Amino acid sequence: MEPVIQVENLVKQYAVRGFVGSADALTAVDSVSFSILRGMTLALVGESGSGKSSVALCVACVERATSGQIWFEGQDAAALGERELRVLRPRVQLVFQDPANSLNPRWTVREIVAEPISVRMRIPRSEREALAARVLERVGLAAEYLGRKPGDLSGGQRQRVAIARALILEPKVLILDEVLSALDCSTQAQIANLLAELQRECGLAYLFITHDLRMAAHLADEIAVMSGGKIVEQGVPDDILRGARQPETLSLLVASGVKRTPTDAVLRR
């Protein structure tokens, strides 16, 4: 199978001002490469500042890569102009950590979910609203929620609305940036199950950004651990959990509460 998305030697640098006014380059992402197949999930795991969210923004075409390639259906998104990117962006959608900050508090759920097609397609209002109702039902919210505003919803319900808004354009890739970290354990499980169900139904490819190795191992087919802008360890979940060798990975295992037995390879070193 051809990857849905393939990232090759991605570099992202930001200009920062020095003490004397000189411009320096901060490298947030340094030669990162990975690929994701249809219906599969890659978890990009790392501490805050490791570069994982910068990768997400570049892959979503929200920010320009400094160098490298981001291949999607035969096109290098990193080399496209703004007009071509407007065509590509609907197929790669980003869902953020805190929907309370990404959803317009003055809009109804109906307006929030329908906004992407309102911007990109000239279709009658009645059709937009019917489509919004259908996609909202797919994420487990009844039509009665269409008239509510984000402030009337729980955290889990707001995250479902954010996922519905991303799905309405029928993307092929969802970038999930810490979408579970602001939720309680019970709601985390519900949203995780929803994401797994949507992936089975739609064949979606997921780039799952998280600092939680335990959740990454639960959801992902492959895990890539980032530190200092680089991928320092990568493999299937069982290999990462039981055979991790890099100190960054070991630190994440401890922080995620993953217990390791004395027979694990790394503890025999």
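Among the numbered criteria (1) of a type in the set (Gly, Ala, Ser); (2) out of contact with any Gly (no Cβ under 6 Å at 6 or more places or on another chain); (3) crowded, with 18+ Cβ neighbours inside 10 Å; (4) under 22 Å from VAL236 (Cα atoms), which one does SER33 miss? Of the numbered conditions (1) of a type in the set (Gly, Ala, Ser); (2) out of contact with any Gly (no Cβ under 6 Å at 6 or more places or on another chain); (3) crowded, with 18+ Cβ neighbours inside 10 Å; (4) under 22 Å from VAL236 (Cα atoms), the odd one out for SER33 is (3). Has region 18-41 got any residue that is in a helix (DSSP H, G or I), closer than 29 Å to HIS218 by Cβ and among the small types (Gly, Ala, Ser)? Checked against the condition, which is being in a helix (DSSP H, G or I), closer than 29 Å to HIS218 by Cβ and among the small types (Gly, Ala, Ser), region 18-41 yields no hits at all. If you go through region 58-116 and pick out every residue that is closer than 30 Å to ALA25 by Cα, in contact with a Leu (Cβ under 7 Å, 6 or more places away or on another chain), assigned to a helix (DSSP H, G or I) and of a type outside the set (Val, Ile, Thr), you end up with 3. Going by the structure shown, is GLU197 assigned to a helix (DSSP H, G or I) and out of contact with any Asp or Glu (no Cβ under 9 Å at 6 or more places or on another chain)? It is true that GLU197 is assigned to a helix (DSSP H, G or I) and out of contact with any Asp or Glu (no Cβ under 9 Å at 6 or more places or on another chain).
Is it the case that THR187 is closer than 25 Å to ARG214 by Cβ, buried (at least 16 other Cβ atoms within 10 Å of the Cβ) and hydroxyl-bearing (Ser, Thr, Tyr)? Spelling it out, THR187 is indeed closer than 25 Å to ARG214 by Cβ, buried (at least 16 other Cβ atoms within 10 Å of the Cβ) and hydroxyl-bearing (Ser, Thr, Tyr). Criterion first (under 24 Å from VAL62 (Cα atoms), in contact (Cβ under 8 Å) with a residue 40 or more places away in the chain and part of a loop (DSSP other than H, G, I, E, B)) does ALA164 satisfy it? No; evaluated as a whole, the condition is false for this residue. Among residues of region 1-15 that are of a type outside the set (Ser, Thr, Tyr) and in a loop (DSSP other than H, G, I, E, B), those with a beta-carbon under 7 Å from a residue that is modelled with pLDDT of 90 or more and surrounded by fewer than 17 Cβ atoms within 10 Å (Cβ to Cβ) at least six positions away or on a different chain give the pairs MET1/ARG38; PRO3/SER35; VAL4/ARG38. Here MET226 clears all of (1) among the aliphatic types (A, V, I, L, M); (2) assigned to a helix (DSSP H, G or I); (3) crowded, with 18+ Cβ neighbours inside 10 Å except the condition numbered (2).
For region 62-77, filtered to residues that are buried (at least 22 other Cβ atoms within 10 Å of the Cβ) and without any contact (Cβ under 8 Å) to a residue 60 or more places away in the chain, the residue that is farthest from ALA244 (Cα to Cα) is ALA77.
Residues in region 167-194 that are under 14 Å from the mean Cα position of the chain (by Cα) and either in a helix (DSSP H, G or I) or not acidic (Asp, Glu) (or both): LEU167, PRO171, LYS172, VAL173, LEU174, ILE175, LEU176, VAL179, LEU180, SER181, ILE191, ALA192.
Can you confirm whether region 41-61 contains a residue that is within 22 Å of CYS202 (Cβ to Cβ) and surrounded by fewer than 17 Cβ atoms within 10 Å (Cβ to Cβ)?
Taking every residue of region 41-61 in turn, none turns out to be within 22 Å of CYS202 (Cβ to Cβ) and surrounded by fewer than 17 Cβ atoms within 10 Å (Cβ to Cβ).
Give the residue that is nearest to the chain's Cα centre (by Cα), with candidates limited to residues of region 127-139 that are within 25 Å of ALA192 (Cβ to Cβ) and surrounded by 17 or more Cβ atoms within 10 Å (Cβ to Cβ). Selected residue: VAL139. Scanning region 142-157 for residues that are more than 15 Å from ALA114 (Cα to Cα) and either assigned to a helix (DSSP H, G or I) or modelled with pLDDT of 95 or more (or both) gives GLU144, GLY151, ASP152, GLY155, GLY156, GLN157. The set of residues from region 117-139 being modelled with pLDDT under 95 and assigned to a loop (DSSP other than H, G, I, E, B) comprises MET121, ARG122, ILE123, PRO124.
The values are calculated or read from the model by the stated rules, or taken from the named source; none is laboratory data. Bear in mind that the values here come from a model prediction, so they are computed numbers and not experimental data. Note that we place each Cβ from the backbone using ideal geometry, even for glycine, and neighbour counts take in every protein chain shown.
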